[in-house]
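Read the structure below first, then the notes.
Bear in mind that the values in this text are calculations on the coordinates, not laboratory data. Predicted, not measured: the structure shown is a model, and the values here were computed from it. Reconstructed Cβ throughout: ideal geometry from the backbone, glycine too, with neighbour counts over all protein chains shown.
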């Protein structure tokens, strides 16, 4: 029998059940952090610029604080960076995975072993 994998996703919802932040949006912020550019991040992830920008603005409205800071560029183009609150959001999400991933791995091993 091939090994079993336990698949799961975490996300944060508002009181209306609307998803605010999850693995996909974390990946977007991580890519923005790596590239320093919203445009390059959405291109790398093959996302729509306008739809993704609208989603980021919705996240910021729902959270009540900005997660990105943009600077209009001249010849070299603009930059996009995470605000301190945006970085903290990512760190919390990383800690959540660091705490939960080992647990789910262990539970999958137990299921595979019939425990």
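The calculated FRET efficiency for the pair residue 23 and residue 71, based on their C-beta separation and a Förster distance of 35 Å, comes to about 0.80. Would you mind checking the tilt of helix 23-35 against the longest principal axis of the Cα atoms of the chain, expressed as 0 to 90 degrees and rounded to 10? Orientation of helix 23-35: about 50 degrees from the principal axis.
Per DSSP H run of at least 4 residues, take -39500 (n - 2.57); add these up for the chain, divide by its residues and hand me the 222 nm value, nearest 500 deg cm²/dmol.
Working: 4 runs with 65 residues, N = 115.
For the chain, the value works out to -19000 deg cm²/dmol.
Principal-axis analysis of the Cα atoms of the chain puts helix 84-113 at an angle of about 20° to the longest axis. Compared with the dominant Cα axis of the chain, that is its longest principal axis, helix 49-63 is turned about 80°.
So what is the relative contact order for the chain, in percent, with contacts set as C-alpha pairs under 8 Å and at least six apart?
Details: 95 pairs, mean separation 29.4, N = 115.
Answer for the chain is 26 percent.
The simple spin-label model puts a point 7 Å past each Cα toward its Cβ; for residue 8 and residue 97 those points are separated by 1.4 nm. Working from label points 7 Å from Cα in the Cα-to-Cβ sense, the residue 39 to residue 61 distance is 2.6 nm. In units of the rule-of-thumb radius 2.2 N^0.38 Å, segment 18-113 shows an alpha carbon radius of gyration of 1.29.
At what distance in nm do the modelled label points of residue 46 and residue 85 sit from each other, each positioned 7 Å from its Cα along Cα→Cβ? Distance between the two pseudo-spin positions: 3.3 nm.
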